[in-house]
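The values are calculated or read from the model by the stated rules, or taken from the named source; none is laboratory data. The structure displayed is predicted, hence computed values, not measured ones. Counting neighbours? That spans all protein chains shown, and the Cβs are built from the backbone with ideal geometry, glycine included. Ligands, DNA and RNA are excluded from the accessible area calculation, which covers all protein heavy atoms including side chains. Shrake-Rupley method; radii C 1.70, N 1.55, O 1.52, S 1.80 Å.
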Amino acid sequence: VFVASHAGLFALDARTGKRVWFHPVRWAESSPEYASGSIFAGTDDGRALALDAVSGRIKWEFQAAGPVESSPAVAGGRVFVGCNRGAVYSLDAETGKKIWEYGLGGRVEGKPLLMNGRVFIGAVNGRFVALDAASGKILWGKNLGGSIESSAAGDGETVFVGTKDGVL
């Protein structure tokens, strides 16, 4: 079981709850994501991290433009994550190298939704976009009026997103 806290990232034994490893970081507010033997997480000091799931050893670090409170999404050998300075990134899951970056103009707090080769993501400025996952090019965007602070959901055909002012 992988857990983020303000003190750092923990790996716990699922049966006993005992700590397997701990990696100190500053204010890990995003939920860790597991994929292919790695744990991916963001930190308040602006880093996206990949750690070895067994040892907790850092595989790579990427410095974002600001705090990374958005939980990462992983698919197709890439990590997609947003930061509080309005950027959304596509990173190589093995190396952490930036593949593309898209600016939303407002804090990104929700986890990107990956569906049908697209990345759906919103920001607290009310902007919601669909990006091509391979290139980062915008496919469409809409201003929803209210702050978007959570992740979108999808069923393979439809994307659902809510705003802080109660609009779905």
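Considering only residues that are at pLDDT 95 or above and small (Gly, Ala, Ser), which ones fall in the range 136-150? Those that are at pLDDT 95 or above and small (Gly, Ala, Ser): Gly136, Gly141, Ser147.
Of the numbered criteria (1) among the charged types (D, E, K, R); (2) open to solvent by 60 Å² or more (accessible area, probe 1.4 Å); (3) closer than 21 Å to Phe40 by Cα, the one Glu69 fails is (2).
Being among the small types (Gly, Ala, Ser), assigned to a strand (DSSP E or B) and open to solvent by less than 10 Å² (accessible area, probe 1.4 Å) is the filter; apply it to the range 18-60 and report the residue that is farthest from Gly82 (Cα to Cα). Explain how you work it out, then say what you get.
Applying the first criterion (among the small types (Gly, Ala, Ser)) to the range 18-60 yields 28, 30-31, 35-38, 41-42, 46, 48, 50, 53, 55-56.
With the extra rule that they be assigned to a strand (DSSP E or B), the set shrinks to 35, 38, 41-42, 48, 50.
Next, only the ones that are open to solvent by less than 10 Å² (accessible area, probe 1.4 Å) stay: 38, 41-42, 48, 50.
On the way: Ser38: 19, Ala41: 11, Gly42: 9, Ala48: 9, Ala50: 15 Å.
Checking each candidate, the answer is Ser38.
Candidates in the range 55-70 are the residues that are modelled with pLDDT of 95 or more and within 16 Å of Glu33 (Cβ to Cβ); of these, the one that is farthest from the chain's Cα centre (by Cα) is Gly56.
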